[in-house]
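The values are calculated or read from the model by the stated rules, or taken from the named source; none is laboratory data. Here the structure is a predicted model, which is why all the values come from computation and not from measurement. Because the Cβ atoms are built from the backbone with ideal geometry, glycine has one as well, and the counts that use them run over all protein chains shown.
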């Protein structure tokens, strides 16, 4: 699907998004991959509002953190989301390991 048709969804709150039409993750990924700061900022806001992310989205957030042309506030918000994702997934991986070793 054309990313330009996906990112328009970011102009509305995440809670208003109908995931049956297009998965929220696809919208977030399209926004995070944009070269200018506007769409990535809205995608970060969706994640902050509860939109799900996966490893690919986490990696896209890592790229935002590294882009010096983006405002520091956006990079810090992205960094906080990366840290949260890493902590959540580290604890679930640890639980998975413990379950398998029992």
Fill in the blank from the handout: Counting only residues in the stretch 1-19 that are modelled with pLDDT of 95 or more and outside any helix (DSSP H, G or I), the one farthest from residue 73 (Cα to Cα) is identified as 17
Problem - Single residue of the stretch 43-58 satisfying the filter (closer than 15 Å to residue 75 by Cβ and over 8 Å from the mean Cα position of the chain (by Cα)) that is surrounded by the most Cβ atoms within 10 Å (Cβ to Cβ) - result: 45
